[in-house]
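Each remark here refers to the structure printed beneath this line.
Where a number appears in this text, it was derived from the coordinates with a stated rule and is not lab data. These figures come from a predicted structure and were not determined experimentally. Here the Cβ positions follow ideal geometry from the backbone for every residue, glycine too, while neighbour counts run over all protein chains shown.
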C-alpha cells in the first residue's frame, strides 16, 4: 500500500526550496561586491594575489636569498645531474665538461609575493668522445620547497638540443620567465 503525502507538505517543501534559491541569488552580488572592495578579498583569498606581502613575511616565510647564476654549487649541480642522467638513464656518453658565458635573465619576475626565483642562461660545453659541442642551458634557481624547509636551493635546468622527452619544450623555453 502506497503512502500518500499530503499536498500541504509538498507545497511547504517547494516554497522552502524557492526561498533558498532566491536567497542565494540575491546574496551573490553582495559577496562579489566584497571581493571587489579588496580588503575583504585579501582576507578571503589569503593574500594570494599581486600586491600581497613579500614571501619573506608569510607564516612559513622564505629567506629570499637565491644564489647568483654563476655560483659554483649551482653550476656543479647542473653538470653533475646532467652527467649522471646521461650515463645511467640514457647511456649516451654525453657529459658537460664546462659551463661558461653565464648571465642572469630575471630575478623574481612575478613580484615579491611569489617564491623567490632566479632565471639564468649559459653555454655548456657538451662532450661526446673527442667531440665538444656548445649548447645553451636555461635554468632557474629557487628556494627548496622540501618537507623540512631546509636552507638549500632547487635547480631546474634544460640543455637545448639535448632536451629529452621535451619536458621544457619548445627549445627549453619553459625554463625562462
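Laid out as a table, the results:
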quantity: Extension gain, residue 89 back to residue 171 (0.36 nm per residue minus Cα-Cα distance, nm); calculated: 27.4 nm
quantity: Cα-derived Rg to Rh of region 83-177, Kirkwood definition; calculated: 1.01
quantity: Peptide ranges 104-111, 12-19 listed from the most packed, as the mean C-beta count within 10 angstrom indicates; calculated: 104-111, 12-19
